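Inspection log for the structure reproduced underneath, given as structure tokens.
The values are calculated or read from the model by the stated rules, or taken from the named source; none is laboratory data. Because the structure is predicted, anything quoted here is derived from the model rather than measured. Note that each Cβ is placed from the backbone with ideal geometry, even for glycine, and that neighbours are counted across all protein chains shown.
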Amino acid sequence: MKATTELHEIAAKMVSGGKGILAADESSPTLSKRFEKLGIESTEESRRSWREMLFTSASLSKYISGTILYDETFNQSFSNGKSFPEALKELDILPGIKVDTGAKDLQGFPGETVTEGLDGLGPRLEKYRKSGARFAKWRAVINISESTPTRTALIANAHALARYAKLCQQNDIVPIVEPEVLMNGSHTIEESFRATRAALLATFEQLALFDVVLDEMVLKPSMVISGDKCDVQASEEEVARNSVECYRQCVPSAVAGIALLSGGQADSLATSHLNKMNSLYKDLPWPITFSYGRGLQDEAMKTWGGENKNWDAAQAALLKHAEANFKAARGEL
């Protein structure tokens, strides 16, 4: 029998008991755009304050096992002077770090991208590990259209994900592997199923080639869902059944767990889909939980509005959604 490793224990902790992962790894430009839409001034301090407010919500660790940070935040400190990784650890929340540098055009394949950031990744991971990171995240982006995804784009992104994951494990960091199939478009749920299945199969083929240890990683896939412009929107049960069937066909039982992304769904709908999966299926080989960004933060950000006087109300909004998704990951809503 294989001995349990520290990385396996961390990966299991990230997805166990209904707890999920807070994705607070928006880049500074992305977070600035969200602030600007709400009339919030975006400065290094306002972004720091926003994230400290999130993480200091009372009892957040009851529902959230870890949080993904962006480099700017990872190198900042709480107002008490403790670094974000150190402060999160004291709050019993695992600190993680986004390490890719974004999706770039895949030359010769219009409408498709490949995620970059492998250059110098090993030394960066070593530095993050010494500073407290226990897991990392890399996001691949797959588009659905009449001509995409191509096999080339699927393999290019899967190859990058596998190289990243191997480097993480070599540096004692749990990799979150995120092959996101975008919901943008007019595609049906059947087309979403085919694209998601192809992306997952390509990903696990490459992970095997690089000898990535499956019980020392967490998968962060998109749900199998109708495109946002599709005339026929699949029901919650259809989304749940198609998603779980897709994962059953593609995800080895050894994987520590699945932490779903919300992909731009309305926060309540993402929660309902997660609950439906866990209420319909009780015998799965891996836990299915959540790793949401906007699905947890949107209401809190609107409530906060850049004003520290609104911290308590904003934290209450975050906790409301964190608790709801915790229950959904247990099929208890």
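The strands (runs of 3 or more DSSP E) falling completely within the range 99-184 that include 2 or more residues that are more than 28 Å from L88 (Cα to Cα) and touching a helix residue (DSSP H, G or I) at 6+ places or on another chain (Cβ under 9 Å) map to 113-115, 135-142.
Quick check on the range 1-17: of everything there that is among the small types (G, A, S) and surrounded by fewer than 21 Cβ atoms within 10 Å (Cβ to Cβ), which residue is modelled with the lowest pLDDT?
Within the range 1-17, the match that is modelled with the lowest pLDDT is A3.
Restricted to the range 174-199, and to residues there that are without any contact (Cβ under 8 Å) to a residue 60 or more places away in the chain and within 30 Å of G132 (Cα to Cα), the residue that is surrounded by the fewest Cβ atoms within 10 Å (Cβ to Cβ) is P179. Restricting the range 182-205 to residues that are over 17 Å from V114 (Cα atoms) and among the hydroxyl-bearing types (S, T, Y) leaves a set whose member that is nearest to the chain's Cα centre (by Cα) is S192. Of the residues making up the range 151-198, those that are farther than 16 Å from C250 by Cα and among the β-branched types (V, I, T) are T152, I173, V174, I176, T188, I189.
Scanning for something among the basic types (K, R), at pLDDT 95 or above and over 19 Å from the mean Cα position of the chain (by Cα), does the range 159-176 turn up at least one residue? There is no residue in the range 159-176 that is among the basic types (K, R), at pLDDT 95 or above and over 19 Å from the mean Cα position of the chain (by Cα). Please state which of the following conditions T4 fails to meet, knowing it meets all the rest: (1) in a loop (DSSP other than H, G, I, E, B); (2) under 20 Å from A329 (Cβ atoms); (3) in contact with an Asp or Glu (Cβ under 9 Å, 6 or more places away or on another chain). Of everything listed in (1) in a loop (DSSP other than H, G, I, E, B); (2) under 20 Å from A329 (Cβ atoms); (3) in contact with an Asp or Glu (Cβ under 9 Å, 6 or more places away or on another chain), T4 misses just condition (2).
Would you confirm whether any residue within the range 5-26 is hydroxyl-bearing (S, T, Y) and over 18 Å from the mean Cα position of the chain (by Cα)? Yes, the range 5-26 contains at least one residue that is hydroxyl-bearing (S, T, Y) and over 18 Å from the mean Cα position of the chain (by Cα). From the list A103, A140, A153, the lone residue that is closer than 20 Å to R197 by Cβ, within 19 Å of the chain's Cα centre (by Cα) and at pLDDT 95 or above is A140.
Number of residues in the range 201-219 that are assigned to a loop (DSSP other than H, G, I, E, B) and touching a Cys at 6+ places or on another chain (Cβ under 7 Å) equals 0.
If the condition is being free of Cβ contacts under 8 Å to residues at least 60 places away in the same chain, in a loop (DSSP other than H, G, I, E, B) and closer than 28 Å to A12 by Cβ, then the range 38-73 contributes only Y70.
What residue, among those in the range 304-315 that are in contact (Cβ under 8 Å) with a residue 60 or more places away in the chain and of a type outside the set (F, W, Y), is farthest from S42 (Cα to Cα)? My answer is Q315. Within the set A199, A259, A208, A270, the sole residue that is of a type in the set (A, V, I, L, M, F, W, C), in contact with a strand residue (DSSP E or B) (Cβ under 7 Å, 6 or more places away or on another chain) and farther than 25 Å from G18 by Cα turns out to be A199.
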